[in-house]
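Have a look at the structure below before the remarks.
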């Protein structure tokens, strides 16, 4: 999508014109230098802000006003990229060009601004009941993790995998801070977000630029321009192999292998890793699935995952206790073979094709395209173009992938097994 920066003093406003869809998408993006002690509050706010406001005091009233505006969709998220915390408040409304009624866009935007800037408060504070509800949900989430062995193993693996930089990658919830969260701490973090975070506003759809400019001028929204953010950061560091063995009373053995990546998540490296992730353990004809699961029958499932936000790569599998060591050895062997150039042209092209299909699928969603455009703009300072991404995929070679994956090395082995 083409991004047009608007020349309005005091605000960073960007338009992404698109005539393909009958909706208009708005995204208010707040960025801050990530602070580990604020993680729980930042996550809680993503739910609290969309539930109620001073004007719409509960979820029923909020749902009713959204329904009356032709089914507005709203969402809020908090995630990290490098050492940057990103709160994104999204709203999608029907384009009034396709309605007999005027003013729907203004009403939708007014609701979005009400959600962000006028949340429900009691005596100047976010309601204690809302905070308690979020804490209860979090405690239920923690309980569900403990009861689900696969989820528990993954959660524990991530804590061990990131133990040297866990306070920098935003694994939610942060249990050592959870007891300290109350409506005062949530309110303080909310006020910090509004007063100190950098605000960038993105609008996507078919609309009149000048009319939209007038709306934002009228509301006089202000932003803080903060410098020194690092969206492309690698917190990992090379260390001796770290092995963890945890025993439970019964069940299958679950294994996670975490890898050190000796490169930054720059655009070309990310594309190469996405292709490798796909061909290594991303689909039913990947190296791990075909060789570890089907041919050697060493696992019930096996997969790889690459997280570009924190530049993390890992493999997960479930197997029998007797096969655990051999499975780890064979996965290590598969990686080494790939690093030595044993990647077939057929598999390489299939991995590319799978990724291309997912990119093309995003063309059918204005919201997905907007989010991808925002991510690309924040990280690389450039516009996101499906066509450009497809061209990048077309020209990347096996040698390009090899140059990246040869900088991968095993870092963490986590085994969750039975006591017998």
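Each reported figure results from applying straightforward, stated rules to the coordinates on display, with no laboratory input. Every value quoted in this text rests on a predicted model; they were computed, and no experiment measured them. Glycine gets a Cβ as well: all are built from the backbone with ideal geometry, and neighbour counts include every protein chain shown.
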Difference of contour (0.36 nm per residue) and Cα-Cα distance, residue 364 to residue 297: 20.3 nm
Cβ-derived FRET efficiency at R0 51 Å, residue 208 paired with residue 150, nearest 0.05: 0.50
Rounded if a/c under 1.5, otherwise prolate or oblate - region 1-93, Cα gyration tensor axes: oblate
With Cα atoms, 0 to 90° folded angle of helix 104-117 axis to the chain main axis: 70 degrees
Relative contact order, percent, region 4-219 [alpha-carbon distance under 8 Å, six or more residues apart]: 39 percent
Tilt relative to the chain, helix 59-68 - C-alpha long axis, 0 to 90 degrees, to 10: 70 degrees
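By how many nm would the segment from residue 250 to residue 179 grow when fully extended, if each residue of separation counts as 0.36 nm and the alpha-carbon distance is taken off?
Answer, rounded to one decimal: 22.4 nm.
Kindly state, to the nearest 0.05, the FRET efficiency for residue 390 paired with residue 37, given R0 = 56 Å and r defined as their beta-carbon distance. Please report the intermediate quantities before stating the final value.
Numbers: r = 42 Å, r/R0 = 0.75.
After rounding to 0.05, the efficiency reads 0.85.
Summing -39500 (n - 2.57) over the DSSP H runs of n ≥ 4 in the chain and dividing by its residue number, what mean residue ellipticity at 222 nm do you reach, to the nearest 500 deg cm²/dmol?
Values: 14 runs with 181 residues, N = 420.
Calculated mean residue ellipticity at 222 nm is -13500 deg cm²/dmol.
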Approximate spin-label separation residue 243-residue 63, in nm, with each point projected 7 Å along Cα-to-Cβ: 5.3 nm
Considering only the chain, percent of DSSP beta bridges that pair antiparallel, nearest 5: 80 percent
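For region 182-237, rounded, prolate or oblate, judged on the Cα gyration tensor with a ≥ b ≥ c (square roots of eigenvalues), a/c < 1.5 rounded, else prolate if a/b > b/c? All intermediate terms of the calculation are to be shown ahead of the outcome.
Numbers: a/c = 2.68, a/b = 1.45, b/c = 1.85.
Judged from the Cα gyration tensor, region 182-237 comes out oblate (a/c at least 1.5, b/c at or above a/b).
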Per-pair calculated FRET efficiency, R0 = 56 Å: residue 191 and residue 345 via Cβ, rounded to 0.05: 0.50
Pairwise label distance in nanometres, residue 419 with residue 117, each label 7 Å out on the Cα-Cβ vector: 6.0 nm
The chain: most fluctuating residue of 261, 99, 317 per GNM, C-alpha cutoff 10 Å: 99
Residue with peak Gaussian network fluctuation, the chain [Cα springs, cutoff 10 Å], from 27, 108, 129: 129
Candidates 63, 304, 329, ranked by Gaussian network fluctuation over the chain, Cα under 10 Å, top entry: 329
